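Below is one structure, written out as structure tokens; the observations come after it.
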Amino acid sequence: MPIGETLRNARMEKGFSLEYLEEATKIRAKYLEALENERFDVLPGPVYAKAFLRTYAKFLNLDTEAIMQEFSVEGNEPVPDLIKDPQAEPEPGYTGGGKNLRYLVAGFAIIALLGVHFFYDAGRPEENKPNLPQTAQQQQQTQPENNTGAGNQPPQEQTVEGVRVTLKVMDGQSWMQIVADGNTVFSGTVSPGETKDFQAQEKIYLHVGNAGAVEVNVNGKDLGRLGQTGKVVRNTFYSGQEPEVNRG
């Protein structure tokens, strides 16, 4: 199956919109659409096309290595055009050193590719980089001691000082950013079956993608799903106020 059709089918099967995937992968929607249409000429360059394709395929849980191999077989790999054929005759007046020149040019090409990859990774937003120690530490400090991880049932109604929000991802991945009292305490992608618990003194702000996959509980009150599948929803819950869900 062609690369673009494979990506499109996987996205539609998971119910993801290009708007949601743009926020989740930090790749512009027009580039994601270009990958699905195999319009690699629309992307900033061959190296970016390869990096975007790998990120997109990995997020959709596809066989990344098979996708990248197909990408290379179709002739999309950037090839330095300065490397001469080793069997070619030397130019007039050339006195030798052809092998060293080829090694030198190849070395520059490799260094250039590594430099572009480093630039791309360095420019990516922090929330798109997995397993950041700081984010994990913030998450541990924010969660109450009685939270034992994925699969926990939402807490029963109880008296809570401030505001407490519990998010449970049900049947699809969801990217989310949580801000408690002005501080970002979590940002990343949450898998189905995982539960996230957050508490603040005054307010908690939610920025959630694929809202139809997320159930919310505020101060022990179940409010149901945050929105529709594939949609991005923003909500703020305040201490001392009746919680309401803005489903967009």
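Evaluated against (1) modelled with pLDDT under 90; (2) assigned to a strand (DSSP E or B); (3) at negative phi, residue 199 falls short on exactly one condition, (1). Taking the criterion of being at pLDDT below 95 and buried (at least 18 other Cβ atoms within 10 Å of the Cβ), would at least one residue in the stretch 61-74 satisfy it? Scanning the stretch 61-74 turns up at least one residue that is at pLDDT below 95 and buried (at least 18 other Cβ atoms within 10 Å of the Cβ).
Entry remark, the stretch 1-22: residues being hydroxyl-bearing (Ser, Thr, Tyr) and either out of contact with any strand residue (DSSP E or B) (no Cβ under 8 Å at 6 or more places or on another chain) or open to solvent by 10 Å² or more (accessible area, probe 1.4 Å) (or both) number 2 in total. Residues in the stretch 174-185 that are open to solvent by less than 40 Å² (accessible area, probe 1.4 Å), modelled with pLDDT under 90 and not small (Gly, Ala, Ser): 175, 176, 179, 185.
Rundown of residues vs (1) surrounded by fewer than 20 Cβ atoms within 10 Å (Cβ to Cβ); (2) modelled with pLDDT of 90 or more; (3) acidic (Asp, Glu), yes/no style:
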site: 148; (1), (2), (3): yes, no, no
site: 171; (1), (2), (3): yes, no, yes
site: 217; (1), (2), (3): no, yes, no
site: 222; (1), (2), (3): yes, yes, yes
site: 234; (1), (2), (3): yes, no, no
site: 247; (1), (2), (3): yes, no, no
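Going through the stretch 205-215 one residue at a time, which ones are assigned to a strand (DSSP E or B), aliphatic (A, V, I, L, M) and either under 15 Å from residue 170 (Cα atoms) or at pLDDT 90 or above (or both)?
Within the stretch 205-215, 208, 214 meet the criteria.
The values are calculated or read from the model by the stated rules, or taken from the named source; none is laboratory data. What you are looking at is a predicted structure, and each value in this text was computed from that prediction instead of being measured. A quick note on method: Cβ atoms are made from the backbone with ideal geometry, for glycine too, and the neighbour counts reach across all protein chains shown. Side chains are part of the model used for accessible areas, which takes the heavy atoms of the whole protein and leaves out ligands, DNA and RNA. Shrake-Rupley method; radii C 1.70, N 1.55, O 1.52, S 1.80 Å.
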